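Before any comments, here is the structure.
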Amino acid sequence: MDGLGENTNSQLSQDSAKTTLIDSSPSEVLFNTPTSNPSNLAIFLSILKGPWTKRRIIITSSVIVAIALMSFFFLKTSLAITPIYTRSNQIVNKPFIIEFNETVRPVAVNEIKISPAVDGSWSFKSGNFFNHDEIIFTPKTYFRVSTTYKVTVPNAKRLLIGDASISNIAFTTEKAPSLANSGIDSVKSDSTVAADYAFTVELAAPNKQLRTLELRTNPDIPMAQTVENDTKFTWKPTKLLPQGTTVSVQVYDAKNDVVLATKTLKIAPEPEMTTPVKKDYFSNKDIATITFNQPMDPLSSKYITFSTPGQGSWQSNTVYAFTPDAVAAGQTYTYTLGAGLRSQSGGILAADQSATFSTTGPVTITDSSPHGSLLPQASEQVSFTFDQAVDHASVLSHFAISSGKVTGSSWQGNTFIATVTDLGYQQTVTATLTPGILNSGFGLPSTKSFSSSFTTEIRVVRLNIPYYNQQYAATCAAASLRMVLAYRGITTDDMAIINQMGYNPTVENKTTNPPTWDDPQQMFVGSVNGTIGAGTGAGPDAQPVAKAAIAFGRSATAVTDSNVSWIAQQLYNGNPVIFFGAYSNTSFTSWQTPSGRIERMNLTSHARVVTGFKGEPSNPIGFWVSDPIDGSSYWTAAQVTNSINLDAYDQAVVVY
């Protein structure tokens, strides 16, 4: 009975517990945890062993879910925080995201540090039971490629209680594609490139906006950029590169502030024409050749054009030859070197260059002689040089000269030489070629006259007359005759000559009106040491001088109204002349001679010898004069005339 009773009671207790658990809500079962009430665990376990009713299943599932949620919450709020992020190949233009494995309160994003510094903003994004909390950095532009960044995050506050430290974070951005060994990257520095060279670089992989490539040049050169397949970058100059200069080039990545390539390049020099087509006297047998300063691209011949039909080809890599089909005499033709003409090194003619050449035209002269003045009159060689070969007979028939006699002609190349004699003194001689001179080949006859002028020498006549000073104050006329007689081989002195004139010294009688005195046309008046102004010595007029010359055995003629032409003619005939004038420009005095004639005489009356002249006798230019007081000197014809006019009678004596 007792054992039965115990079993019965035990069974009743278990059933009662099951009933209690079954009747309890899941929360009651859950929060009456086994640790606080061991009997609940026993009851829970006994339920699990019992039959599975629908109610039993619901309660069991609820308990399991509640336990799982509590465990998950515990794990999300109490474990150590481990940041989750992209450690390598972070995309440079995408935000950087840090996930936390634990739920925390919002982080003080203004205290987050990133190095190296990047412009951008931090934000905190709270998660939920299914998503992690996140710290997000959004760059203002982009990260640098191939760069390691370090991020320091302040301690985070846990959701329930306490702080959690967050370990330092480091991440590396993705690598930008490198340059492939092509284009400018493969060109050696100091290489020569063409004036229209296009600068290219090629990336080893698509760029995907990882680089912003620029071409920097010094000097600055405007460029137009194109991109192919996101790998090939090309910069074409908008005009020709500066030819014949050196250019520094950099391939620069502006996005990452890095220089990828640096080169120094030489730009090919612009081609130049060093020898143009023969400019003049192009004949119908000539070939038009152009020489350049550097080897040329043979395909550039299309840029060389002529205004007349013909055929052109390269004689060498620097010489282009053009053979016209036909040319006409006296015509001008044009040829053009077109922009784009190219050298082998890549130099390019920047602009059209045009020039002309002319075929042989009408005959003309390039030089003539002689020129100038005072050329010998006895014989001269007059020459004309022609611009082309001419017919010799044609030249001779068209030649004329204004003075002299043509005594012969000759040729030296294209130069005609005529020998002309007896041109005459003081002549302006003009040699002339009239139109119509024929050339001897391709060309045209002369169409205009050509002339050349020169003047011949001035005639100079000088007699070798010795010079003497006068021996007395008033013996100028005697001293002059003494010089002339010496020229004729007669030696004497002043006093001997005066005695032949007639000499009986008296003084002027000034008590009469008019004053009276001896006649100078008959004798030497007064004393050899007297003066006219004092009335003590007047000397002779021309007649006593001629009388004395005759007395010494020479013929002589005294004249009045003499002039420079008469004097020059006497000298030209070889006869010396004594002319009367005055020593200075003074006034006249007068007296009555014994015959009753009134004599007029300059107060400084003076005689001189003319020893030579320059010019023609009919038109002398000047004279050589021997003054017995002042010596010998050259006088112009005007000076001699002025002195003669100071004599009352324009007197002179010629001694033969």
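The values are calculated or read from the model by the stated rules, or taken from the named source; none is laboratory data. Computed from a prediction, not measured in an experiment: that's the story for all the values here. Because the Cβ atoms are built from the backbone with ideal geometry, glycine has one as well, and the counts that use them run over all protein chains shown. Ligands, DNA and RNA are stripped out before the accessible areas are found, and what is left, the full protein with its side chains, is counted by its heavy atoms. Shrake-Rupley method; radii C 1.70, N 1.55, O 1.52, S 1.80 Å.
Per the Debye formula with a single identical scatterer at each Cα and no solvent contribution, what log10 I(q)/I(0) holds for the range 118-168 at q = 0.15, 0.19, 0.21, 0.23 Å⁻¹?
The Cα Debye sum returns log10 ratios of -0.58, -0.84, -0.96, -1.05.
Roughly how far apart, in whole Å, are the Cα centres of the range 133-201 and the range 494-557?
The range 133-201 and the range 494-557 have Cα centres separated by 134 Å.
What net charge do the residues around GLY526 carry, taking every other residue with its C-beta under 11 Å from that of GLY526, with Lys and Arg at +1 and Asp and Glu at -1? Please list the in-between numbers first.
Working: positive: none; negative: GLU508, ASP518.
The answer is -2.
Taking the dipole about the Cα centre of the range 537-656, with the C-beta of Lys and Arg at +1 and of Asp and Glu at -1, give me whichever of TRP566, ILE550, GLY596 is farthest to the positive side.
So the residue we want is ILE550.
Set the bar at 29 Å for Cα to Cα. Now go through LYS232/LYS255; LYS188/LYS302; LYS208/LYS236; LYS236/LYS279 and name every pair that lies beyond it.
In this structure, LYS188/LYS302; LYS236/LYS279 exceed 29 Å between Cα atoms.
Work through the residues other than SER562 whose Cβ is under 14 Å from its Cβ and net out their charges, Lys, Arg +1 and Asp, Glu -1. Could the numbers behind the result be given before it?
On the way: positive: ARG608; negative: ASP541, ASP561, ASP647, ASP650.
Net of charged neighbours comes to -3.
How far apart, in nm, are two points set 7 Å out from the Cα along the Cα-to-Cβ line at THR323 and at SER301?
Distance between the two pseudo-spin positions: 1.2 nm.
Which helices of the chain meet both criteria: a Cα extent of 30 Å or more along the helical axis and a mean Kyte-Doolittle score no lower than 1.0, with helices taken as whole DSSP H segments? Before the final figure, lay out the partial values.
Values: long enough: 2-23 (31 Å, -0.89); 54-78 (36 Å, 1.24).
Result, helices passing both filters: 54-78.
Can you bin every Cα-Cα distance in the chain into 20 Å intervals starting at zero and give me the percent of pairs per bin, rounded to whole numbers?
Histogramming the chain at 20 Å steps yields 12, 16, 13, 13, 13, 11, 8, 6, 4, 3, 1, 0 percent.
State the extension gain, in nm to one decimal, for the chain segment bounded by THR212 and ALA350, taking 0.36 nm per residue of separation less the distance between their alpha-carbons.
46.4 nm
For an R0 of 56 angstrom, estimate the FRET efficiency from the Cβ-Cβ distance between ALA170 and MET223 and round to the nearest 0.05.
Using R0 = 56 Å, I get an efficiency of 0.90.
So how far, in whole Å, is the C-alpha centre of the range 231-283 from the one of the range 308-376?
30 Å
Relative contact order for the chain: what percent, with Cα pairs under 8 Å and sequence separation of 6 or more? Intermediate values should be presented prior to the final figure.
On the way: 1451 pairs, mean separation 41.9, N = 656.
Relative contact order for the chain comes out at 6 percent.
Using modelled backbone amide H atoms (1.01 Å from N, in-plane), which distant-in-sequence or interchain residues come within less than 5 Å of ALA538's amide H?
VAL525, GLY526, SER527
Given the Cα-Cα distance of ASP190 and ASN128 and 0.36 nm per residue of separation, how much length would full extension add, in nm? Intermediate results must be reported in sequence, preceding the final value.
Details: separation 62, 0.36 × 62 = 22.32 nm, distance 6.47 nm.
Computed gain between ASP190 and ASN128 is 15.9 nm.
Given a Förster radius of 25 Å and the C-beta distance between ASP493 and SER633 as r, what FRET efficiency does 1/(1 + (r/R0)^6) yield to the nearest 0.05?
On the way: r = 24 Å, r/R0 = 0.96.
Between ASP493 and SER633 the formula returns 0.55.
Taking the Cα atoms of the range 477-547, report the difference between the largest and smallest coordinate on each principal axis, in whole Å and largest first.
Principal extents (Cα only, largest first): 46, 20, 16 Å.
For the chain, what is the percent of antiparallel DSSP beta bridges, rounded to the nearest 5? Walk me through the intermediate numbers first.
Working: 134 of 142 bridges.
For the chain, the DSSP antiparallel bridge percentage is about 95.
Report the accessible area of HIS132, computed with a 1.4 Å probe over the heavy atoms of all protein chains in place, in Å² rounded to the nearest 10.
My reading of the accessible area for HIS132 is about 70 Å².
Sort out for me the Cα centre separation of the range 382-448 from the range 580-656, rounded to whole Å.
Rounded to whole Å, the Cα centres lie 49 Å apart.
Sketch the reach of a paramagnetic label on GLN331 as a point 7 Å from Cα along Cα-to-Cβ, and name the residues of the range 301-316 whose backbone nitrogen lies under 18 Å away.
305-312
Kindly report the accessible area of the chain per residue (heavy atoms of protein chains, probe 1.4 Å, no ligands, DNA or RNA), in Å².
On the way: 32860 Å² over 656 residues.
Here the per-residue accessible area is 50 Å².
Suppose a student asked you for the relative contact order of the range 249-336, using Cα pairs under 8 Å spaced at least 6 residues apart; what percent would you report? Write out the running numbers ahead of the final one.
Numbers: 123 pairs, mean separation 20.1, N = 88.
That works out to 23 percent.
Probe 1.4 Å, all protein chains in place: accessible area of LEU646 in Å², nearest 10?
Per-residue accessible area (LEU646): approximately 40 Å².
Might you work out the accessible area of ARG342 for me, using a 1.4 Å probe with all protein chains in place, and round it to the nearest 10 Å²?
My reading of the accessible area for ARG342 is about 60 Å².
Rounded to the nearest 0.05, what FRET efficiency do SER121 and THR86 give with R0 = 25 Å and r taken as the Cβ-Cβ distance? Could you check? Don't skip to the end; give the middle numbers.
On the way: r = 19 Å, r/R0 = 0.74.
Calculated transfer efficiency: 0.85.
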